[in-house]
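Below: one structure, written as structure tokens.
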Amino acid sequence: MRKYGWNSFKDLIFRNPAVVDQDPHVDNGDENPERGNWTNKREYILSTIGYAVGLGNIWRFPYLAYKNGGGAFLIPYFVMLVVTGIPLFFLESALGQFCSQGPINTWRAVPLLQGVGIAMVMVTLIVSIYYNVIIAYSLYYMFASFQFPLPWSSCSSSVDRNCSDTPIGAVFIPCSADLSVSLGGVVYFTATFPYVVIIILLIRGVTLEGARDGIEFYIGSQSNLTKLTEAQVWKDAATQTFYSLSIGWGGVMTLASYSNFHNNVFKDSFVVTLTNAGTSVFAGFAIFSILGHMAHIYKMPVGQVVKEGFGLAFIAYPDALSKLPISPLWSILFFFMLLTVGLDSQFAGIEVISTCLLDAFPNIFKSKRALLTSTTCAILYLLGLPCVTQAGIYWVTLIDQFVASWVLLVLVLLEIIGVCYIYGGNRFIKDIEMMLGHKSFTFWLWWRACWFFISPCIIVVILIWSVMTFTPPRYGEVQFPVWGLALGWCMVVFILLWIPVVALYKLMRTKGNPWERVKSLCSPSEEWHPYLDVHRGQRYSEERCRHRKKHTNRPEVNVNVITSSWL
């Protein structure tokens, strides 16, 4: 008998029993030549870290920490990371790795909710439009930094007439660009270079006069523990966890789907989530040390120079960098870092879209992957052009506020319900054990508690709180017109409408009375199994699949539809 407890935990982290005991050779090389795998484990880890570590780590987390009590904010943030972030990241990674499919075909496990997968892709599609534009902003600012003095260091005839010498009135003029490739070896640079820049900026920042004041405002002695009694602080911590880890976007499933079947997805989940959280905290020191120096220059409190989101990255921080000696160098490094951070996330977004198309139409796109990726990038580029007009920043803000917000919570809640309550949490755990090897009942207690109760309850509370405290989005002091808000809600409806529409479509195509149809579509389809025959074992053997098919009312035409398309 294998002894469990700490030894079992060490085995899972440093050794995968499923690989050692079942199929030791499959952890190396390309085991799935038809669909493809990661060249090696490092590429997967770096790509996933690059996807998770995005612009939100640079500009959103530092502001939230400052806003919600400084160092006190780390308490709810890491609590939410443990009870929601890591469990849900593990769930999505395991789901994608088990079936080696993208976020749409993974719902062969619960065909009734396949619309959730399509909705995830729609979120990624829409967000990729404005993410592309933010990359363009970074690219524009980076090339504009090859000047001395920096264009935004003072007002002159060469800049916009609305420019101001005060940090409140600074403006920027964006341009458009599209930088997207297929993932691969490029992540060795794009995923690691931002850390080099953060370290350089931190070292430079802490040597500046006033840096200590900035850090004190970030998570220093001015931390306000009384903030922990406010519900808004816990809501912000949970929302940041979902946003930062890209849970509910479909990218985590997509990247994991190219891992080898016996890859230690448990260890990977810890590595990525903890690296992501550490990056957020670490980047905050670099940001606020330089903002503290800026406050010292302007002779004003740090709180008055701190801005949120785009204002922090493209107004406050560039202005602060312009006050440093050799300012173009620091500015170039900072915007090149934003560029690489944004590209990593954009890479994965493109991969989500192309993978779903490849999985749905393998015969059409298998030999045309490069063309598919190029076409996707070109379409996103064209769709992003309105975001670089004079009103472009308002379009970007509108998409960000409506799409990359509580919509994700709805999708994640349905994901948990579908996997744990309809498909079956115990069945899902057995699937994971096929990849990782058998684990004790006590080992799964924590994950069961999170998946079945803690995580969904937290999501429901946040959703209710978000509805109760909803305020129309604005950019700075500018309120959006009624038609703009209506357009934002139309984007939300467009995303969520896929869920009932696909469910209704499938119910209409399935035979039997209403209860039999629902029961049939809540059972895994015959296409739900590990991608390769060698990994299916007895649980997913052809005999078991035929037996399952015999006892369902799903017609043969539905099988063909699922195989050949998303629906």
Of 241, 226, 273, which residue is open to solvent by 40 Å² or more (accessible area, probe 1.4 Å) and in a helix (DSSP H, G or I)?
226
Tell me whether segment 88-98 contains one or more residues that are surrounded by 19 or more Cβ atoms within 10 Å (Cβ to Cβ), modelled with pLDDT under 90, under 14 Å from residue 247 (Cα atoms) and of a type in the set (Ser, Thr, Tyr).
no
Quickly run through segment 131-140 and pick out the residues that are over 16 Å from residue 347 (Cβ atoms) and either open to solvent by 10 Å² or more (accessible area, probe 1.4 Å) or more than 25 Å from the chain's Cα centre (by Cα) (or both).
140
Filter segment 486-506 down to the residues that are in a helix (DSSP H, G or I) and without any contact (Cβ under 8 Å) to a residue 40 or more places away in the chain, then identify the one that is most open to solvent (accessible area, probe 1.4 Å).
504
Determine which member of the set 399, 416, 429 is part of a helix (DSSP H, G or I), farther than 15 Å from residue 470 by Cα and open to solvent by 10 Å² or more (accessible area, probe 1.4 Å).
399
Mind listing just one residue for me: the one in segment 465-485 that is open to solvent by 90 Å² or more (accessible area, probe 1.4 Å) and part of a helix (DSSP H, G or I) and, of those, nearest to residue 129 (Cα to Cα)?
483
List pairs: first residue in segment 63-79 and within 16 Å of residue 276 (Cα to Cα), second residue of a type in the set (D, E, K, R) anywhere in the structure, Cβ distance under 7 angstrom, at least six positions apart or on different chains.
64/236
For segment 58-75, check the following and say yes or no: at least one residue is open to solvent by 10 Å² or more (accessible area, probe 1.4 Å), outside any helix (DSSP H, G or I) and out of contact with any strand residue (DSSP E or B) (no Cβ under 7 Å at 6 or more places or on another chain).
no
State yes or no: is residue 409 open to solvent by less than 30 Å² (accessible area, probe 1.4 Å) and over 26 Å from residue 529 (Cα atoms)?
yes
Of 455, 440, which residue is over 24 Å from the mean Cα position of the chain (by Cα), open to solvent by less than 50 Å² (accessible area, probe 1.4 Å) and touching a residue at least 40 places away in the same chain (Cβ under 8 Å)?
440
If you check every pair at least six apart or on different chains, which have Cβ atoms under 8 Å apart with a residue in segment 282-304 that is over 10 Å from residue 215 (Cβ atoms) and touching a residue at least 12 places away in the same chain (Cβ under 8 Å) first and a residue that is open to solvent by 60 Å² or more (accessible area, probe 1.4 Å) and of a type in the set (Phe, Trp, Tyr) second?
303/66
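The values are calculated or read from the model by the stated rules, or taken from the named source; none is laboratory data. All values derive from a computational prediction rather than experimental measurement. Note that each Cβ is placed from the backbone with ideal geometry, even for glycine, and that neighbours are counted across all protein chains shown. Please note that ligands, DNA and RNA were not included when accessible areas were found on the heavy atoms of the full protein model with its side chains. Shrake-Rupley method; radii C 1.70, N 1.55, O 1.52, S 1.80 Å.
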